[in-house]
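Working notes, structure below.
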């Protein structure tokens, strides 16, 4: 089963709203996603601490999969190498950490917030080999901002996914990776006639998420320790939340076979 970075172009379009109260309290960087460029505004005076990235895809463009990478000291964007669908994150993680990731769609908006350090951040389009990117670096002075309250938390572990609370239809979801390896969070909204057991069995057999239900990428691949707030609208219903990352090498095995599959409700 081939899975793109993370399910960007294959996922159904979903409108996303950004609550005004979050925008008022968090330093926000506007990210325009064009076909061959990423353009930032509002990043010049961002301090360390919580920062909000608000993404906008150019009208008429195909969905683009965007990753946010915190570079290690002494590294630069050239060290990231080809993302290649992030089948294996080791090359990226030699250069830095995957701290957030979204799918940018024309006609909708999405925002993510995370605790930024005074390091260089690369916002990169991993949808094709062009890998358009932009960079920003928070100042050493703390902004004094706080992260928004989350209506639910999705915790990614090495052997499980825990979902605490009911996923809010309109609000903020916290996604954190407390494991030791990369994971992501894909939520699949089930039809009334599909049980969670049937959905889990089909996904483990390699059935594409689109054939199981309506997939929504809550968060793309995150490095260990990453913690992000996602502003998103969800349709009400029952969901299966899973990670499919496998990595590479002799011990490579998709997360879904390691126990990273859970159920949730949105209302």
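A short reminder: the numbers here are calculations on the coordinates, not readings from a lab. Treat the numbers as computed from the prediction; the structure is a model and nothing was measured. A quick note on method: Cβ atoms are made from the backbone with ideal geometry, for glycine too, and the neighbour counts reach across all protein chains shown.
Our helix-only sum for the chain, with -39,500 (n - 2.57) per DSSP H run of n ≥ 4 divided by its residues, gives a mean residue ellipticity at 222 nm of -2000 deg cm²/dmol. Hey, for a label at residue 32 modelled as a point 7 Å past Cα toward Cβ, could you say which residues of the stretch 55-97 have their backbone N under 11 Å away? Correct set: 56-59.
Determine the shape class of the stretch 152-266: with a ≥ b ≥ c the square roots of the Cα gyration tensor eigenvalues, call it rounded for a/c under 1.5, and otherwise prolate if a/b is greater than b/c, oblate otherwise.
Working: a/c = 2.04, a/b = 1.12, b/c = 1.81.
Taking the square roots of the gyration eigenvalues as a ≥ b ≥ c, the stretch 152-266 is oblate.
Residues of the stretch 221-256 with an amide N closer than 15 Å to a point placed 7 Å from the Cα of residue 153 along the Cα-to-Cβ direction: 225-230. Our estimate of slack between residue 181 and residue 169, defined as 0.36 nm per intervening residue step minus the Cα-Cα distance, is 1.4 nm. Computed extension gain for residue 195 through residue 94, at 0.36 nm per residue and net of the alpha carbon distance, reaches 32.3 nm. Taking 7 Å steps out from each Cα toward its Cβ at residue 233 and residue 119 produces label points 3.5 nm apart. Take the alpha carbon atoms of the stretch 234-267, find their center, do the same for the stretch 140-172, and report the distance between the two centers in whole angstrom. A separation of 17 Å, based on Cα centres.
Beta bridges from DSSP with both residues in the stretch 20-142: antiparallel share about 75 percent, rounded to the nearest 5. Taking every DSSP beta bridge that has both ends in the stretch 162-267, the antiparallel portion is near 95%. For Kirkwood radius over Cα pairs in Å, the candidate list reads [x] 18.4; [y] 18.9; [z] 24.4; the entry that matches the value derived from this model is [x]. Taken over the Cα atoms of the stretch 20-142, the convex hull encloses 94 Å³ per residue.
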